[in-house]
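Before any comments, here is the structure.
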């Protein structure tokens with residue numbers, strides 16, 4: 001292995017994935033890898049690093065991406081670098097003539113992740129847009145997403161919003177919140193933006209209402225859409 005690393009085949013690209021924590025820099029093979037390879041830590045990779053990696057890939061192939069398009073790409077993939085890199089080939093193909101990836105191309109070709117759809121759903125709930133919330137919820141059901149899974153992600157998102165609002169109030173920065181909660185920094189960034197206009201009590205009410213839905217989904221055969229509609233109506237009455 002060491003011999004190959006010191007004299008690699010020029011036409012071959014090898015990717016080593018370490019899943020056992022931090023590399024032991026005392027070992028010769030690790031020292032050699034760090035010397036001859038590009039080492040990327042995916043555990044704590046943030047928006048700036050993702051932008052740099054994506055930018056390098058595009059630049060090396062003669063492409064560029066508009067700022068709005070990059071933000072759309074981050075949102076629709078949940079800032080998952082693997083998903084982003086999987087989406088790049090079709091974005092390049094669609095932008096082959098102009099060599100510039102636009103927001104319109106990203107919106108057309110990159111499907112929103114469940115997390116992003118749920119993020120939009122949370123915004124509709126908190127903005128009291130009952131029609132929009134119910135429509136999006138039904139669309140998720142129609143795309144064969146499991147109701148319990150949708151609710152679990154909703155509960156997780158509201159928990160993050162509550163935790164973020166409390167930590168911001170206590171002086172935590174975006175980086176320290178991400179580290180404390182072990183959450184991707186981009187998710188924290190979006191949560192911080194959302195919680196500026198949201199009341200903690202309203203977030204708690206929504207969270208407890210979704211916990212009640214979870215219990216019903218697990219213990220009864222009630223229609224998920226009906227449960228969500230009742231949750232929305234109750235929530236609107238409580239925060240009115």
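The values are calculated or read from the model by the stated rules, or taken from the named source; none is laboratory data. For clarity, every value in this text was computed on a predicted model and none was experimentally measured. Positions of Cβ are generated from backbone atoms using ideal geometry, with glycine treated the same way; all protein chains shown enter the neighbour counts.
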Residue 161: within 19 Å of residue 124 (Cβ to Cβ), modelled with pLDDT of 95 or more, in contact with a helix residue (DSSP H, G or I) (Cβ under 7 Å, 6 or more places away or on another chain) and buried (at least 19 other Cβ atoms within 10 Å of the Cβ), yes or no? yes
Does at least one position in the range 79-88 carry a residue that is over 27 Å from residue 143 (Cβ atoms) and surrounded by fewer than 11 Cβ atoms within 10 Å (Cβ to Cβ)? no
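Each row is one residue, and each column tells you yes or no for (1) within 23 Å of residue 191 (Cα to Cα); (2) without any contact (Cβ under 8 Å) to a residue 24 or more places away in the chain.
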| site | (1), (2) |
| --- | --- |
| 95 | no, no |
| 112 | yes, no |
| 115 | yes, no |
| 132 | yes, yes |
| 137 | yes, no |
Residue 135 vs. criteria at pLDDT below 95, farther than 14 Å from residue 206 by Cβ and either surrounded by fewer than 16 Cβ atoms within 10 Å (Cβ to Cβ) or more than 15 Å from the chain's Cα centre (by Cα) (or both): no
Say whether the condition of being part of a loop (DSSP other than H, G, I, E, B), modelled with pLDDT of 90 or more and surrounded by 14 or more Cβ atoms within 10 Å (Cβ to Cβ) is met by at least one residue in the range 38-47. no
For residue 214, are the conditions met, namely being closer than 19 Å to residue 78 by Cα, in contact with a helix residue (DSSP H, G or I) (Cβ under 9 Å, 6 or more places away or on another chain), touching a residue at least 12 places away in the same chain (Cβ under 8 Å) and surrounded by fewer than 19 Cβ atoms within 10 Å (Cβ to Cβ)? no
Can you name the helices (runs of 4 or more DSSP H) wholly within the range 162-240 that have at least 3 residues being under 23 Å from residue 51 (Cα atoms) and either under 24 Å from the mean Cα position of the chain (by Cα) or assigned by TED's automatic domain parsing to the domain that holds residue 140 (or both)? 174-181, 185-195
So which residues in the range 168-203 are under 17 Å from residue 118 (Cα atoms), surrounded by fewer than 17 Cβ atoms within 10 Å (Cβ to Cβ) and either in contact with a helix residue (DSSP H, G or I) (Cβ under 6 Å, 6 or more places away or on another chain) or touching a residue at least 24 places away in the same chain (Cβ under 8 Å) (or both), if there are any at all? none
